[in-house]
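The values are calculated or read from the model by the stated rules, or taken from the named source; none is laboratory data. The shown structure was predicted, so the numbers you read here are calculated from the model rather than taken from an experiment. A quick note on method: Cβ atoms are made from the backbone with ideal geometry, for glycine too, and the neighbour counts reach across all protein chains shown.
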Amino acid sequence: MSVKVQFNSGQNTASHNTEGWRHHSMYEYNDESFMIAQRQLDEVARRMNLDSGIHERLRYPRKSLIVSVPIKLDNGQTKTFMGYRVQHDQTLGPTKGGIRFHHSVNLGEVSALAMWMTWKCSLLNLPYGGAKGGVCCFPEEMSQGEMERLARRYTTEILSIIGPEKDIPAPDMYTNEQTMAWIMDTYSNFVGFAVPGVVTGKPVSVGGTQGRVEATGRGVAYIVKRAIERQVRAINPETATAAVQGFGNVGSITAKYLHQQGIKVVGVSDVHGAIYNPAGLDIPSLLHFVREQGTVVGFDNAQKIDGHEVLELDVDVLVPAALGNVITAKNADKIRCKILAEGANGPVSPEADSILRDKGVYVIPGILANAGGVVVSYFEWVQDIQHLFWSEQEVVDKLYYLMGRAFDDVYNLTQEQDMDPRTAAMVLGVGRVAAAKALRGLYP
Ligand code: GLU
């Protein structure tokens, strides 16, 4: 079937595609997140003078699979969920990226996230292209048994396109170590032997690595530290303050390590609400509280504030670590931080990005700030392939080395070419893929 897809002509499309219309023979990708990801690529392509043929090839995912995922619910009914796996590019190696279970999941969102994974892996010099997957569902309303059946059936449906040399899934929103263990088990049973390297973010007991659970948050905190040390903005490290939006795996671990680094975390939020204490929250006690209560709300010695207010606090560092598109043209004016580190993927819309730039906020893009997860995923995959496992200290040292090097690459480019960090990170990420594509040529 050939579907005619309308694109906003000119500004959102490649310079060589001036007619504003094009035919795409698969299905529509014209979802908001995907348009944003494409527009970011188009802008950076223009800036880099990217070869138009290579630009064209990078604008769409290489492969997208849409699957039905029927499962038996606990009440005996059968329900079918929509699942996706999108592989954006495989120039540098097999594709890599998480799987999310969330009601926002659709083809466009997954495709945007897959494209960002390509730039993230390339920026960090990992031998991967980007991918992403997901199932549209309400995980909060599902039992453990239903989640297991969903994960296993989804794995079965995408089985032919994943594998340690093809495409390696990992955790993302509302998936975790247990989900990865089910995926590993389903794949392994299908092929008839244990294949730990098919997925990363597994429990250590089934071939996971030390340090993966904390990797993303640890990496965010490390990048923030490095940015403060480089004095990207005038912040006194002795008195620095931070706010973290989202208190799941990424937000809570980021808060833990910011606190350990001596940064005062004054506000945090989760889906239930937000808390604030200008003197600094006692993060170790808060982590304990959240483990018991399941929310930050009700924590002693803190004032309850509205969820959205956490983004608008007067702090040195802000870390949005929940959903995408939470800082838009509507609230960007109210943001008061000096450094914003994207713990989530795509929390700042392009309109908000330029407002923040004008306000002088130093925005560290997700493809750099939250890359710790996929970096340690890479270490896990390497260990699985070699059947040789590392200590937590080795993992953390190597994580900081790769993150520090990527931060410096981005920082140096911002200095040399007067670019904001997002543009610099994209120029590096896209540039390395494009250089490899030029060398490999166009098959056949
Ligand atoms: N889902 C994570 C991300 O967005 C990790 C991906 C991975 O480890 O492959 O970067």
> Is there a residue being farther than 28 Å from residue 191 by Cβ and away from the ligand (no atom under 13 Å from the Cβ) anywhere in the range 131-140?
Replying inline: yes
> Out of all the residues in the range 274-295, which are in contact with a helix residue (DSSP H, G or I) (Cβ under 6 Å, 6 or more places away or on another chain) and of a type in the set (Gly, Ala, Ser)?
Replying inline: 274
> List the pairs whose first member sits in the range 176-199 and is assigned to a helix (DSSP H, G or I), whose second member is crowded, with 21+ Cβ neighbours inside 10 Å and of a type in the set (Asp, Glu), and whose Cβ atoms are under 7 Å apart, counting only residues at least 6 apart or on separate chains?
Replying inline: 196/384; 197/384
> Just for the range 141-161: of the residues that are among the hydrophobic types (A, V, I, L, M, F, W, C) and more than 15 Å from residue 96 (Cα to Cα), which one is nearest to the ligand (Cβ to nearest atom)?
Replying inline: 151
> From the list 82, 117, which residue is out of contact with any Pro (no Cβ under 6 Å at 6 or more places or on another chain) and within 25 Å of residue 380 (Cα to Cα)?
Replying inline: 117
>> Return the residues of the range 74-97 that are within 13 Å of the ligand (Cβ to nearest atom) and surrounded by fewer than 24 Cβ atoms within 10 Å (Cβ to Cβ); say none if nothing qualifies.
In response: 93, 94
> Of all residues in the range 162-220, how many are within 15 Å of the ligand (Cβ to nearest atom) and among the hydroxyl-bearing types (Ser, Thr, Tyr)?
Replying inline: 6
> Can you find a residue in the range 424-437 that is within 16 Å of the ligand (Cβ to nearest atom) and either surrounded by fewer than 23 Cβ atoms within 10 Å (Cβ to Cβ) or among the small types (Gly, Ala, Ser) (or both)?
Replying inline: yes
> Picking from 104, 68, 122, which residue would you name as being modelled with pLDDT of 95 or more and closer than 26 Å to residue 140 by Cα?
Replying inline: 68
> Looking only at residues in the range 372-393 that are free of Cβ contacts under 8 Å to residues at least 24 places away in the same chain and either of a type in the set (Lys, Arg) or in a helix (DSSP H, G or I) (or both), which one is farthest from the ligand (Cβ to nearest atom)?
Replying inline: 393
>> Just to be sure I understand the filter: pairs with C-beta atoms under 6 Å, separated by 6 or more residues or on different chains, first member in the range 242-256 and crowded, with 24+ Cβ neighbours inside 10 Å, second member of a type in the set (Asp, Glu). Which pairs pass?
In response: 247/270; 253/214
